[in-house]
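Before any comments, here is the structure.
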Amino acid sequence: MNKSQTSYGDAGFSDFIQRAFKRHLGHSLEDFEKPVIGICNTYSEINRCHSHIKPIIEAIKRGVIMAGGTPLEFPTISVGEMFTSPTTMLYRNLVAIDTEEMINAQPIDGVVLIGGCDKMAPAQLMGAASADKPAILFTGGPMNNGEYKGKTLGACSDCRFYWQEYKAGTVDEEEIDQINERLAPTAGHCMVMGSASTIAACSEALGMMLPGGAATPATENARLHQAQETGKAIVSLVEKNIRPSDIMNREAFENAIKTLMAIGGSTNAVIHLIAIARRLGITIGMQDFEEHSRTTPFLANLRPAGKYQMQDLYYAGGMPAVLKELSSLLHLNNLTVTGKSMKENLFDIQIEEEYRDVIRPLSSPLHKEGGIAVVKGNLAPDGAIIKPKAASEHLLKHKGKAVVFTSLRDMEERLNDPDLEVSADSVLVLQNAGPVGAPGMPEAGMIPIPDKLLKQGVRDMVRLSDCRMSGTAFGTVLLHVAPEAAVGGPIGLIKNGDWIELDVSERKLELLVSEEELIQRQKEWTPPVFTDYKRGYPSLYRQHVLQANEGCDFDFLLPESDELDQKEPTLAAKQSNR
């Protein structure tokens, strides 16, 4: 294998000095004639979803050595959802850059990516796709279920549920503290079908993770065995020169989208799958998600849209069982990191009848359509998304007056004002919280129900924004409205009291004002003046980030062949240059 060489302007000297430095850690020069496998170490005590991966790394190393390779770990950025300010999405592209550049710059033949928390795995797949050296993904796995007074707890669906009840006054201070102690009981990422679990599941469908890796709890012995097998597999990928571009083709992304719909997965996966695909020059868009939503049944009975959690899915057979049930709708001849096709991987998989409430038969699904719907209209020309099965059915067709918050700060300051003119029929609107506006598109889309309505018994309202929400969240929440307010999107033209109409069955989201009025408002619109982030990475982010329907990657990270390269500069770039 040709490995990268540090350039000193003298190839002989480069080789000489590298040979000297290869002897560290007791290695012989012969060790570097074997497949050299980089292990992307994302260990962090701040990113709690990655705080347990040291034994995983050792297991991967064992597998690499057993298969005849030489493992070398190296660090990259590690960001966790709960402790990264203002939001991890702001740094997803930075993680992707770090991952890509370290894969390219270092003398490795292949790489094991260790993901876990929400933005890590998609960022790593973006970087690996661009670097296109043999790569395989492994994650830290989900937490075990929590429990409180006989009720199963799941982070962070129950974080949100019980906090809302606490604010409504139905849960007291002592009880909320007891629940808090039990919400995240073990190592691992969130144990419902949130963003972390969704991306892991979709990675199996893409073919970039060994079968079964998504659902195995962090605490199971089986996870260390899977780590060891992952170490063996990457050596084989290197020997066969199987690269991400050989695995992640258009059919693989269609498999992932169908899987997303069948598991009722996180809305964040829409952005991430678009971004990963475009790193490979594959353009998928909102129409692909809508098409597969209409034709893919909802099979996995998992929270927040269902009943069970990842630990239950593991016992039911994990993602291989889901993919087996879905197999008649999938492209089964696609290559995977096993070196075999998905069809071969699934050949012996059987689903035990005892777990049929966890994984429903294709003939008797939870719902006939998938877990995410795409809506469009004059309010969202480039689309918005909603999880209908995690929403209130009576609100899926709704007309209400807008209560507008112009920013996150405005929302925080006025939402619980006793004098706020708001009712259960209102539509809560959050503007300027998108990729450019926030920046980084934080998970603020599940706009809190105003306290005075909570105390009246209201638990859901129609809410819309240009930002995201956690995959663990729920409610009648419209997200990723594009274009966003900060670059002139129609969501930024909504005024208090405007009527908004939602009809999910018709995939319609409309601002009920005349076209002439909208045109006039557009003429009067002035771009926001940003006083924060005048320098550094956040400034770079604002100048180059694409919109939600385009994956929120940076325009300069797309391959030259991508059709987006042929368009005008991004709205974000044009806005920043004004």
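The values are calculated or read from the model by the stated rules, or taken from the named source; none is laboratory data. Treat the numbers as computed from the prediction; the structure is a model and nothing was measured. Backbone-built Cβ (ideal geometry, glycine too); neighbour counts: all protein chains shown. The protein model used for the area step is the full one, side chains on, heavy atoms only, and it has no ligands, DNA or RNA in it. Shrake-Rupley method; radii C 1.70, N 1.55, O 1.52, S 1.80 Å.
Figures for the structure shown
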{"item": "Meets criteria (within 28 Å of I349 (Cα to Cα) and under 22 Å from the mean Cα position of the chain (by Cα)) for A128", "result": "no"}
{"item": "Of all residues in region 81-101 being open to solvent by 30 Å² or more (accessible area, probe 1.4 Å) and of a type in the set (A, V, I, L, M), the one that is modelled with the lowest pLDDT", "result": "M82"}
{"item": "When residues of region 333-359 are limited to those that are in a loop (DSSP other than H, G, I, E, B) and under 24 Å from the mean Cα position of the chain (by Cα), the one nearest to I284 (Cα to Cα)", "result": "N334"}
{"item": "Unmet requirement for L323, which otherwise passes all of (1) surrounded by fewer than 22 Cβ atoms within 10 Å (Cβ to Cβ); (2) closer than 15 Å to K258 by Cβ; (3) not hydroxyl-bearing (S, T, Y)", "result": "(1)"}
{"item": "Some residue of region 139-159 being within 30 Å of F556 (Cβ to Cβ) and either part of a helix (DSSP H, G or I) or not aromatic (F, W, Y) (or both)", "result": "yes"}
{"item": "Filtered residues of region 273-316 (kept if assigned to a helix (DSSP H, G or I), closer than 14 Å to H367 by Cα and charged (D, E, K, R))", "result": "R294"}
{"item": "Subset of region 317-328 [in a helix (DSSP H, G or I) and in contact (Cβ under 8 Å) with a residue 24 or more places away in the chain]", "result": "G318, M319, P320, A321, V322, L323, K324, E325, L326, S328"}
{"item": "Pair list, Cβ under 8 Å, 6 or more apart: region 105-127 residue within 24 Å of V192 (Cα to Cα), other residue of a type in the set (F, W, Y) and in a strand (DSSP E or B)", "result": "L113/F138; I114/F138; G115/F138"}
{"item": "Per-region count, region 1-53, residues among the small types (G, A, S) and within 35 Å of the chain's Cα centre (by Cα)", "result": "4"}
{"item": "Search result, residues across region 204-242 that are more than 16 Å from I60 (Cα to Cα), among the aliphatic types (A, V, I, L, M) and surrounded by fewer than 24 Cβ atoms within 10 Å (Cβ to Cβ)", "result": "I242"}
{"item": "Enumeration of residues in region 42-73 that are open to solvent by less than 30 Å² (accessible area, probe 1.4 Å), farther than 19 Å from M209 by Cβ and either in contact with a Leu (Cβ under 6 Å, 6 or more places away or on another chain) or of a type in the set (D, E) (or both)", "result": "none"}
{"item": "Lone qualifier among I46, I39, I56, I60 - being over 22 Å from I234 (Cα atoms) and modelled with pLDDT of 95 or more", "result": "I46"}
{"item": "Single condition D562 does not satisfy, out of (1) charged (D, E, K, R); (2) at pLDDT below 95; (3) more than 29 Å from I282 (Cβ to Cβ); (4) crowded, with 17+ Cβ neighbours inside 10 Å", "result": "(3)"}
{"item": "T216 in contact with a Phe, Trp or Tyr (Cβ under 8 Å, 6 or more places away or on another chain), at pLDDT 95 or above and either not aliphatic (A, V, I, L, M) or not in a helix (DSSP H, G or I) (or both)", "result": "yes"}
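Residues are listed down the side, and each one gets a yes or a no for (1) closer than 19 Å to L415 by Cα; (2) surrounded by 24 or more Cβ atoms within 10 Å (Cβ to Cβ); (3) β-branched (V, I, T):
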site	(1), (2), (3)
D460	yes, no, no
S465	yes, yes, no
D498	yes, no, no
S505	no, no, no
E515	no, no, no
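Residue-wise test of (1) surrounded by 20 or more Cβ atoms within 10 Å (Cβ to Cβ); (2) closer than 30 Å to F161 by Cβ.
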| site | (1), (2) |
| --- | --- |
| Y314 | yes, yes |
| M319 | yes, yes |
| K340 | no, no |
| R356 | no, yes |
| G370 | yes, yes |
| N378 | no, no |
| L396 | no, yes |
